[in-house]
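One structure is given here, and the rest of the page talks about it.
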Amino acid sequence: MVDTNFYNNNGPFTLQKIAESCEAKLADASKSIIEVRDIASMENAGEGEICFFYDKKAKEKAANIKATACVTTEDLAAFVPGNVVVLTVANPKLAFLKLNSLLYSERHPQPNTSSSARIHPSAIIGENCFIGENVVIGKDVKIGKNCVIEHNAVIDAGCVIGDNNRIGVGAHISYCRMGSNCYIFSGARIGQDGFGFMMVAGQHKRIPQVGLVIIGNDVEVGANTCIDRGALDNTVIGDGCRIDNLVQIAHNDKLGKGCVVVSQTGIAGSCTFGDYVVCGGQTGFADHLTIGSGAQIGAQSGIMRDIEPGSVVMGYPAVPIKDFMRQVSFIQKSTKK
């Protein structure tokens, strides 16, 4: 059962409503008016709750389902006990996403501006915004409507934030133009100096970083992730990107739309990603690389050269996934001799 101290439960809903929202087929139409109030796991779901069963390996566990209803596939429906109402779908995982969104929602603060917030008189704040405790908003900042700026966040001078954005607790945004429907999680740092130095007379002299960070629409940036502004050209994060916690994106990097970058990845400066690139955790990229659209990078890989579109690579240095598997197999066989 989801803890309603943290999330709103929008139920209960009838099985008819749930079937419609999940694009599911209700096996017994006479059960359409039965209501469920929560989602739970197969093992823990009970009366008034609904569960999901999509793993063939769990067929034996299915016999012990005690939920009121179960969402599953046509192939697995026969393993669900007869007293459990069955809803069948082509894709149970997608159905779970839809039902989760229907039943539960995060608690959003009501529009309000805290008395402790420090907002420059020239800043423009859209309607229906929440500005939390100790927020600092600088000169000439523009924030769209329906935004949530959580406690202790800082938005520096000149930044532009679109509509329906959420800026997490303690996040710091500078030198940035952001689209709409973005979520910047707690502690993220956007628009900091790029890491650029030149050796002059035995000293590391800082190279001025005069670019911006341009963030598209529907972007998520995880907690404590850093995105540096460009040295001259802008750092660009395309529409629909999902960036995990503790990621470093350096100056002048450009990510196409829909890229996924998992935790502890580090991308050196001036790399260009195509669309829908996926990077596993702890991936490292050398600078000035081009990663083609649709490429997939396995976790803990080291990328030292350009990657062709659609490639699947892994290892350090990264090689095509089949070559990586052969290398692993060879090492395993060699160590057994």
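Could you check how many residues of the stretch 157-214 are touching a residue at least 12 places away in the same chain (Cβ under 8 Å) and outside any loop (DSSP other than H, G, I, E, B)?
18
Can you say whether GLY240 is small (Gly, Ala, Ser) and modelled with pLDDT of 95 or more, as far as the supplied structure shows?
Taking the combined requirement at face value, the residue satisfies it.
Assuming ASN91 fulfils every condition listed in (1) surrounded by 13 or more Cβ atoms within 10 Å (Cβ to Cβ); (2) at pLDDT 95 or above; (3) not basic (Lys, Arg) apart from one, which condition is it?
Going through (1) surrounded by 13 or more Cβ atoms within 10 Å (Cβ to Cβ); (2) at pLDDT 95 or above; (3) not basic (Lys, Arg) one by one, ASN91 breaks only (2).
Among what's in the stretch 229-246 and is in contact (Cβ under 8 Å) with a residue 24 or more places away in the chain and outside any loop (DSSP other than H, G, I, E, B), pick the residue that is farthest from ILE173 (Cα to Cα).
Result: ILE243.
When you look at ASP287, is it of a type outside the set (Val, Ile, Thr) and buried (at least 18 other Cβ atoms within 10 Å of the Cβ), yes or no?
When the stated conditions are applied, ASP287 does not pass them.
Output the qualifying pairs, or none if there are none: Cβ atoms under 9 angstrom, residues six or more apart or on different chains, first residue in the stretch 313-337 and more than 20 Å from ALA295 (Cβ to Cβ), second residue in a loop (DSSP other than H, G, I, E, B).
VAL328/GLY315
How many residues does the stretch 113-127 contain that are surrounded by 12 or more Cβ atoms within 10 Å (Cβ to Cβ) and under 11 Å from ASN146 (Cα atoms)?
Of the residues in that region, 2 qualify.
Might you check whether a residue that is of a type in the set (Lys, Arg) and more than 25 Å from CYS241 (Cα to Cα) occurs anywhere in the stretch 153-170? Talk me through it step by step, then tell me what you get.
Quick first cut of the stretch 153-170, residues of a type in the set (Lys, Arg) only: 166.
Those left that are additionally more than 25 Å from CYS241 (Cα to Cα): none.
No: zero hits.
Counting just the residues of the stretch 19-69 that are surrounded by fewer than 16 Cβ atoms within 10 Å (Cβ to Cβ) and among the acidic types (Asp, Glu), which one comes out farthest from LEU102 (Cα to Cα)?
Here the residue is GLU60.
So which of VAL277, VAL313, VAL260 is within 29 Å of LEU232 (Cβ to Cβ), crowded, with 20+ Cβ neighbours inside 10 Å, touching a strand residue (DSSP E or B) at 6+ places or on another chain (Cβ under 8 Å) and not hydroxyl-bearing (Ser, Thr, Tyr)?
VAL277 is the lone residue from the list that is within 29 Å of LEU232 (Cβ to Cβ), crowded, with 20+ Cβ neighbours inside 10 Å, touching a strand residue (DSSP E or B) at 6+ places or on another chain (Cβ under 8 Å) and not hydroxyl-bearing (Ser, Thr, Tyr).
What tally of residues in the stretch 1-60 results from selecting those that are among the acidic types (Asp, Glu) and farther than 19 Å from TYR104 by Cα? If you could, list the steps in order and put the result at the bottom.
Filtering the stretch 1-60 for residues among the acidic types (Asp, Glu) gives 3, 20, 23, 28, 35, 38, 43, 47, 49, 55, 60.
Retained after the next criterion (residues that are farther than 19 Å from TYR104 by Cα): 28, 43, 55, 60.
Summing the residues that are among the acidic types (Asp, Glu) and farther than 19 Å from TYR104 by Cα in the stretch 1-60 gives 4.
If you check ARG37 against the conditions, is it touching an Asp or Glu at 6+ places or on another chain (Cβ under 8 Å) and among the basic types (Lys, Arg)?
For ARG37, the condition - touching an Asp or Glu at 6+ places or on another chain (Cβ under 8 Å) and among the basic types (Lys, Arg) - is met.
List pairs: first residue in the stretch 247-260 and assigned by TED's automatic domain parsing to the domain that holds GLY222, second residue among the charged types (D, E, K, R) and at pLDDT below 95 anywhere in the structure, Cβ distance under 9 angstrom, at least six positions apart or on different chains.
HIS251/ASP193; HIS251/ASP233; ASN252/ASP233; LYS254/ASP233
How about the stretch 221-235: which of its residues are surrounded by fewer than 24 Cβ atoms within 10 Å (Cβ to Cβ), among the hydrophobic types (A, V, I, L, M, F, W, C), more than 12 Å from SER270 (Cα to Cα) and in contact with a Gly (Cβ under 8 Å, 6 or more places away or on another chain)?
Passing the criteria: only ALA223.
If you go through the stretch 42-60 one residue at a time, do you hit one that is under 25 Å from the mean Cα position of the chain (by Cα) and over 24 Å from PRO12 (Cα atoms)?
Checked against the condition, which is being under 25 Å from the mean Cα position of the chain (by Cα) and over 24 Å from PRO12 (Cα atoms), the stretch 42-60 yields at least one hit.
Please find, within the stretch 191-220, the residue that is farthest from the chain's Cα centre (by Cα) out of those that are farther than 18 Å from GLY269 by Cα and buried (at least 21 other Cβ atoms within 10 Å of the Cβ).
GLY216
This table checks each residue for (1) assigned to a helix (DSSP H, G or I); (2) over 19 Å from the mean Cα position of the chain (by Cα).
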position	(1), (2)
SER263	no, no
GLN282	no, no
HIS288	no, yes
GLY294	no, no
PRO317	no, yes
LYS322	yes, yes
VAL328	yes, yes
ILE331	yes, yes
SER334	yes, yes
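Cβ-Cβ below 9 Å, separation at least six or inter-chain, first residue in the stretch 68-90 and within 18 Å of PHE13 (Cβ to Cβ), second of a type in the set (Asp, Glu) and crowded, with 17+ Cβ neighbours inside 10 Å: which pairs?
That search, which allows pairs on different chains as well, returns THR68/GLU49; ALA69/GLU49.
The values are calculated or read from the model by the stated rules, or taken from the named source; none is laboratory data. What you are looking at is a predicted structure, and each value in this text was computed from that prediction instead of being measured. Every residue, glycine as well, gets a Cβ built from its backbone with ideal geometry; the counts of neighbours run over all protein chains shown.
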